[in-house]
Structure formats: C-alpha cells, structure tokens
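The values are calculated or read from the model by the stated rules, or taken from the named source; none is laboratory data. Nothing here was measured: the structure is a model prediction, and the numbers come from that model. Reconstructed Cβ throughout: ideal geometry from the backbone, glycine too, with neighbour counts over all protein chains shown. Remember, those area values only see protein heavy atoms, side chains included, never the ligands or the DNA or RNA. Shrake-Rupley method; radii C 1.70, N 1.55, O 1.52, S 1.80 Å.
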Amino acid sequence: MMHGWRLAWQLARRFRRGRERSRFLSFISASSTVGIALGCAVFIAGLSVMNGFADVLQQRFLKLVPHIEFTAVEGHLQYPEAIFELAAEHPEVVSARPVIRTQGLVQKGREFVGVQLTGVDPMREHAIQDYMSPASWQALEQEGAIILGADLAQRLELSQGDKLTLVVASEEGFQAPKRQTLTLAGTFKFGGQVDHQLGYVNLTTARELTGLEHGISGVELEVSALFAAERIANEIGYQLRDYVYLDHWMRAQGHLYRDIQMVRTVMYLVLILVLAVACFNIVSTLVMTVQEKQRHIGVLRTMGMRGSGLVKIFVLQGLQNGLLGVSFGAVAGILLSWNLPTLLALLESLTGNTLLASDVYFVDRIPVQLHALDVVWVCAVALVLSLLATLYPAWQATRVEVVKAISA
C-alpha cells in the first residue's frame, strides 16, 4: 500500500516538474501556488488583527465598563449590603464597588463641556488607577476633588490644582441647577472618547452633587467570566430586595464585540471564496496536464496501472501545489502578523497620516494577536479546497482511452 502511494507521489512530482511542460501550463501551476500562498498569508494576518481588537476590548476597554451594575430605580439603594453579600458568595464575581453616577457641565469662563461623573470609593481599587499617577488617586480622597480625562482638561486649559465650576441638574422638579466649585486633583490618560467625557469624584462629593443624604445609587460588579455576565446578573438580581435597574456590559457595549465577531465571520467566508478561486487554477492545471500527458497515461495503463493509481497521481500533484502554497502562505502570514505593527508605524511615518486617531479610538496602534488555531484553520481549509479541486481532473485521467493515447 505504501509502495503504491510512494510511486504515485514520485510520478506526480515528475508530472509537475516535467521539462516538456508548456510555459503557459507552468505559469498556471505557479499562479495557483502563489494565489493560495497570498490567500493564506493575508487571512492569517487579518484574523490576527481581529484577535488583537477582541483582546484589547476584553483586557482594556472593559476594565472601565462595569461588567454588571445594579442601580436604584429612585434615590439610593435601601439594602446595598445585600448586593455585596451575594457578590462575595458568588464564585464568579471578582469584586464589587459602590458608585454614584450623574451628569453635569464643567464651566470654565464662558465655555461649558458635558461630563459623565462617577462617584467612587478611593479606598477600593479601580481600573482607572492604572491610567493616572498614584498621587492623583490619593488626592481624590479630599472632599471637593475631581479627576478629569486629560483631553477634557486640556480643552478647558486646566492643570492640577485649578478650580472649576460644575453644574449639575437638580433631581427635584424644575429647580435651578446646582453649582459647586471643585479642585482638579489630576488627570488620567486612557485614550479615545473616554478622555473627553469621564470624570471621577469621591462618594461624599458625589452625594453633595446629586442630593443624596446617605448611601449609594449603584453597585458595580467585576466578574471572571465576561460572557456569563448576563447570567450572573440575573442570578444575583433576582435575590435582591431593592427595586433596581439591572445592566451588564453586553447590553451597553456588546455591539463592539458583536461587530468584531461579525467581521471575523465575514473574513472566514471571504477566505473560503478567495482560496476557492485560487484552487480553480489547480483544476485548470490538472485538466491541461491530463491532456498533455495522455501518452504517459496510456503507457502507465498498458504497464498495469489501475484507474485508482492514476487518481492518486493527479490528486497528489494538485496537493503538491496546495502544500507548497500553504507552506509559504503560513510562514508569510506568521511573519506578517509579527511585524504588522512595525510596518504600519513605518507607513504612518512615511505618509504622515494616523490610522487610528488616539482622540477617537481607545487604541492608537493596530493590535495583533496571533493564534495557532487560526493558522491551522486557514491551512486546513486551503488543503481541503486543494484536494477537492483535484477530484474532477483525476477522474478525467481514468477515462483516457489507452489505444488512442499511445497512438497519438
């Protein structure tokens, strides 16, 4: 059995490299190999970029977005300790933090800029700490201190220690808005619109701004399983005595993840179509090879080779083109993925254009993360399509009439 496959492999190799092959046939054969290689390389790099964006979304952006949040329907939570107890008992909850949220306008001179304020407990760890100096976070413990995004502070021409006026709408009817003078304790630099919109104060200052006499208006939960956030929120929310708004990140920011997954799915479909087009060249190559090698086929049949042996020869010939293209494509795709950030940075420096504006997106470089499974998947699809492309020409080879082939 092994001897038959070894002989078929050697004959397929000779057919593919035969000196008597026409230049056009050699060109078609080479183009099929190059097409498969380019398809594999481009899609390995493309999937790596998708992986990079998905990883940045999970590991960075979702640090600032509450995985789960329970917010009082009106006023403050009556039994916040129940949420903390249930969160501590749940095995998939990492931490729970008290928050008070409100919106306001920062006034500097005649200019007003909207800001989303979050009241936090500086004694508890928060993801925003990683994007500011430790001194700024400690200064937030002082009453009347506020931390703004770096771009927002720059727009208002504020620096650390400056005074600013915050205007917050009254929670009770159509009363005049509240005005409070705060001190800028520091700034944070996260990237994107976050730096233009968010501000942080301590819980005491947040109570004064919102009119809460005591307590908190919400609790944020951080979970270990991001995609189980909805289930965890329901498990805890249905046990609460408070009437709360139940929210999770998939509802608020899930469209980002769904967009990435949709693009990934489209890329898989395009991958199959592009490789299918490249593999059509294998069909053309083998059909022309069958026509060109009719005399050789006739000689092999008279020497006792069966139709199954001819099928093996032409299937292996097509697979050799596929294997060569997949090998070059996989190596090129891996190297391209590893060096893509450097190449794009070089392109930006040459053109003077920024691909990802830091004031719009929360990343300023194309993130890349290469997964071995994606490489295996792309290579497997290419090889399967290469195999399918060989079946019809191989079957045609078995239908060559021996007498006409030899006498031709």
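Worth pointing out:
- Extension gain for M267-E208 works out to 16.1 nm (0.36 nm per residue, less the C-alpha to C-alpha distance).
- Its residues counted as N, the range 201-297 yields a C-alpha radius of gyration over 2.2 N^0.38 Å of 2.34.
- Ranked packing of 114-127, 311-324, most packed first, by mean Cβ within 10 Å: 311-324, 114-127
- Ordering of 58-71, 85-98 by packing [mean C-beta count within 10 Å, highest first]: 58-71, 85-98
- In order through the range 374-384: 3J(HN,Hα) via Karplus (6.51 cos²θ - 1.76 cosθ + 1.60), integer Hz, x for Gly, Pro: 5, 4, 4, 5, 4, 5, 5, 4, 4, 5, 5
- Computed from label points 7 Å out along Cα-Cβ, the spacing between S224 and F280 is 5.2 nm.
- Phi-based couplings in Hz for the range 36-42 (Karplus 6.51, -1.76, 1.60; Gly and Pro marked x): 5, 4, 5, x, 5, 4, 5
- Computed extension length for E89-R155: 19.3 nm, one decimal, from 0.36 nm per residue of separation with the Cα-Cα distance subtracted.
- Overall form of the range 152-235 per C-alpha gyration tensor (a/c, 1.5; a/b vs b/c): oblate
- Working note: Cα atoms of the range 214-265, range along each principal axis, descending, whole Å: 47, 21, 18.
- The share of alpha-carbon pairs in the range 26-138 lying farther apart than 23 Å comes to 58%.
- Å² per residue, accessible surface of the range 184-239 at 1.4 Å: 38
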